[in-house]
Amino acid sequence: MPDPVSLSVEISGIHFKNPVLTASGTFGYGLEFTRFFDISRLGGFCTKGLSLLPRPGNPPGRIFETPSGMLNAIGLENVGVEAFVSDKLPRLEPYGTHVIANIFGKSIGEFIAITDRLNPCPKVSALELNISCPNITEGGIEFGHDPDLTFQVVEAVTRVSAKPVWVKLSPNVTDIRIFARACQEAGADAISLVNTFVGMSMDVHRRRPMISNLTGGLSGPAIRPLAVRLVHQVTASVEIPVIGIGGIATTRDALEFLIAGARAVQLGTANFSDPMASLKVVQGLEEYCRSHGIRDVNQISGSLRTRERPVSSPAADGDA
């Protein structure tokens, strides 16, 4: 009988059965994927971004497939926090997985109001702050593009939150480590890294943008090497856990982020092409650990070897 493998990880005081989650905006409210597999088998999932009031999002076109991923400018369409709490959350009760509520606001007051509404909800395990929304009280500057504003919003939410607070950082800054340290100093419990890169694509025949919003967020395999680098940099700069995001579709992809220092990963764009992708990564991580004689997945986190040393076990299979 093969030796048992532990896939469990602990992040911000939360025990996850495995380090595989799904990213906000790519997994709906979790309920949409229950017809494909038992979502209880995941470590957790992040909800669509929740605002104080419902949002219709941007007009079409909002998604454009690129050679190695996609551009999207959905516009944060969602049902609003009240409908989520009353209509969606009760239907998630039977599933034994952690619900991470991704939230955003146009002001610190909105962030606080959403936090207050989610505080009494035991099914919500943590909050993930999307700080890429323009702050209307500061002239439209994004919370995630000014380290002082990053500190202010994170500090305000952590002060009132009854749950651990994760912060999802934008890569569209000069030095992301400055923002990560601001989050840590403000009391954040973990960092989700990274959000999408700003991109643009054209219809060359009509000479029109493919995205009605003109620009969109680039995600998918094209950004993975960039995201892995940023995760490696940030984990060396802060002491709080980092959750890696960016173009993860296979076990090998997830392993890159874990080896770079991430404590867990989130799958995003892959969910659109393969609804089972996250579950396959859970299974693949167990197989990888067993084949490499690793009894605890936590041994992989931050195990990057910067000098050549002999490795007796085989390399990870890209489709493991």
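The values are calculated or read from the model by the stated rules, or taken from the named source; none is laboratory data. What you see is a predicted model; the values in this text were computed from it and never measured. We place every Cβ from the backbone using ideal geometry, glycine too, and count neighbours over all the protein chains shown.
Got at least one residue in the range 219-231 being assigned to a strand (DSSP E or B), crowded, with 20+ Cβ neighbours inside 10 Å and modelled with pLDDT of 95 or more?
Yes.
Which of the residues belonging to the range 263-280 are under 22 Å from A190 (Cα atoms) and either without any contact (Cβ under 8 Å) to a residue 60 or more places away in the chain or part of a helix (DSSP H, G or I) (or both)?
Listed by number, the list holds a single entry, S278.
So A236 ticks every box in (1) within 23 Å of W166 (Cα to Cα); (2) in contact (Cβ under 8 Å) with a residue 40 or more places away in the chain but one. Which box is left unticked?
(2)
Within the range 101-108, is there a residue that is within 27 Å of K17 (Cβ to Cβ), in contact with a strand residue (DSSP E or B) (Cβ under 8 Å, 6 or more places away or on another chain) and of a type in the set (S, T, Y)?
No; the residues of the range 101-108 include none that is within 27 Å of K17 (Cβ to Cβ), in contact with a strand residue (DSSP E or B) (Cβ under 8 Å, 6 or more places away or on another chain) and of a type in the set (S, T, Y).
If you check F143 against the conditions, is it closer than 30 Å to S212 by Cα, within 21 Å of the chain's Cα centre (by Cα) and crowded, with 19+ Cβ neighbours inside 10 Å?
When the stated conditions are applied, F143 passes them.
For residues that are under 23 Å from S212 (Cα atoms) and of a type in the set (D, E, K, R), tally how many sit in the range 31-65.
4
Go over the candidates F179, F151 one by one and state the one that is surrounded by 19 or more Cβ atoms within 10 Å (Cβ to Cβ), under 26 Å from P221 (Cβ atoms) and out of contact with any strand residue (DSSP E or B) (no Cβ under 6 Å at 6 or more places or on another chain).
Going through F179, F151 in turn, just one is surrounded by 19 or more Cβ atoms within 10 Å (Cβ to Cβ), under 26 Å from P221 (Cβ atoms) and out of contact with any strand residue (DSSP E or B) (no Cβ under 6 Å at 6 or more places or on another chain): F179.
Determine which member of the set S212, S201, S192 is of a type in the set (S, T, Y) and either touching a Lys or Arg at 6+ places or on another chain (Cβ under 6 Å) or crowded, with 21+ Cβ neighbours inside 10 Å (or both).
Exactly one of S212, S201, S192 is of a type in the set (S, T, Y) and either touching a Lys or Arg at 6+ places or on another chain (Cβ under 6 Å) or crowded, with 21+ Cβ neighbours inside 10 Å (or both), namely S192.
Do you know which residues across the range 1-17 are in contact with a Ser or Thr (Cβ under 7 Å, 6 or more places away or on another chain) and either of a type outside the set (V, I, T) or on the phi > 0 side of the Ramachandran plot (or both)?
H15, F16, K17, listed by residue number.
Which ones in the range 221-268 are among the small types (G, A, S), under 14 Å from A180 (Cβ atoms) and under 12 Å from the mean Cα position of the chain (by Cα)?
A227, G244, A262
Table: residues versus (1) modelled with pLDDT of 95 or more; (2) within 22 Å of Q266 (Cα to Cα).
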{"residue": "H98", "(1), (2)": "yes, yes"}
{"residue": "F104", "(1), (2)": "yes, yes"}
{"residue": "A113", "(1), (2)": "yes, no"}
{"residue": "D116", "(1), (2)": "yes, no"}
{"residue": "V124", "(1), (2)": "yes, yes"}
{"residue": "N130", "(1), (2)": "yes, yes"}
{"residue": "N135", "(1), (2)": "no, no"}
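Looking at the range 162-202, which of the residues that are charged (D, E, K, R) and under 27 Å from K123 (Cα atoms) is nearest to the chain's Cα centre (by Cα)?
K168
If N172 passes every condition in (1) in contact with a Phe, Trp or Tyr (Cβ under 9 Å, 6 or more places away or on another chain); (2) closer than 30 Å to S291 by Cα; (3) surrounded by fewer than 22 Cβ atoms within 10 Å (Cβ to Cβ) but one, which one does it miss?
That leaves (2) as the condition not met.
Just checking, does the range 184-204 include any residue being in a strand (DSSP E or B), among the polar types (S, T, N, Q) and either over 23 Å from H15 (Cα atoms) or touching a strand residue (DSSP E or B) at 6+ places or on another chain (Cβ under 6 Å) (or both)?
Within the range 184-204 (the criterion being in a strand (DSSP E or B), among the polar types (S, T, N, Q) and either over 23 Å from H15 (Cα atoms) or touching a strand residue (DSSP E or B) at 6+ places or on another chain (Cβ under 6 Å) (or both)), the answer is yes, since at least one residue qualifies.
Of all strands (runs of 3 or more DSSP E) completely enclosed by the range 31-129, which ones contain at least 3 residues that are β-branched (V, I, T), touching a Pro at 6+ places or on another chain (Cβ under 7 Å) and surrounded by fewer than 20 Cβ atoms within 10 Å (Cβ to Cβ)?
Passing ranges: none, list empty.
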